[in-house]
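Written out below as structure tokens is the structure these notes cover.
A short reminder: the numbers here are calculations on the coordinates, not readings from a lab. A quick note: this is a predicted structure, and the numbers were derived from the prediction, not measured. When we count neighbours, we look across all protein chains shown, and the Cβ atoms used for this are built from the backbone with ideal geometry, even at glycine.
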Amino acid sequence: MDAAYSYLKMTIPNAADADVNALNRIFLALADPTRRAILQRLGEGEARVTTLAEPFSISLNSVSKHLQALEGAGLVIRRRSGREHLLSLSPEALDRAAEWIAHTQSFWSSGMEAMDALLSVRNTDEKEQVAHDQTN
């Protein structure tokens, strides 16, 4: 079991292994700038594989591998029309990632607020102790 899996499992209440693995695939797919650029283009609408490959200085085979990673993460849907392969964005996977980010952000924000309050009390106590020591 790797560290990323363990962390995601801890931060998703009642998460099944499949949910954690799906999130891992989503974040792994989103980690690559080429894949993010492909997703951004698909945000404009459905596109052929060759159209998606045009702006990149990599082989069509490399673009296909990126598309496979995006499909495996559930971020892209492929359909065939004759000999053409058309791809479109699947926003549900992005929604799952956004939900996890929001949950984690909420967790860390509340933790940081609690730490700020604790440090504020501690600093006040220390200042009072220094003032008390100086008067004695």
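Label-to-label distance, Ala98 versus Asp32, with points set 7 angstrom from Cα along the beta-carbon direction: 2.4 nm.
Put in order of Cβ neighbour count within 10 Å, fewest first, the listed residues His66, His103 become His103, His66.
Fully extending the segment from Arg80 to Asp19 would add 19.2 nm, taking 0.36 nm per residue of separation and subtracting the current Cα-Cα distance.
Based on the mean of other beta carbon atoms within 10 Å per residue, what is the order of 86-94, 22-30, 54-62, 42-50, most packed first?
On the way: 86-94: 16.4, 22-30: 18.3, 54-62: 10.7, 42-50: 13.0.
Ranked by mean Cβ neighbours within 10 Å, highest first: 22-30, 86-94, 42-50, 54-62.
In order along the range 74-86, the phi-based Karplus estimate (6.51 cos²θ - 1.76 cosθ + 1.60, θ = phi - 60°) of 3J(HN,Hα) comes to x, 8, 9, 10, 10, 9, 10, 10, x, 8, 8, 10, 10 Hz; Gly and Pro are listed as x.
State the extension gain, in nm to one decimal, for the chain segment bounded by Arg41 and Gln105, taking 0.36 nm per residue of separation less the distance between their alpha-carbons.
Numbers: separation 64, 0.36 × 64 = 23.04 nm, distance 2.76 nm.
Result: 20.3 nm gained on full extension.
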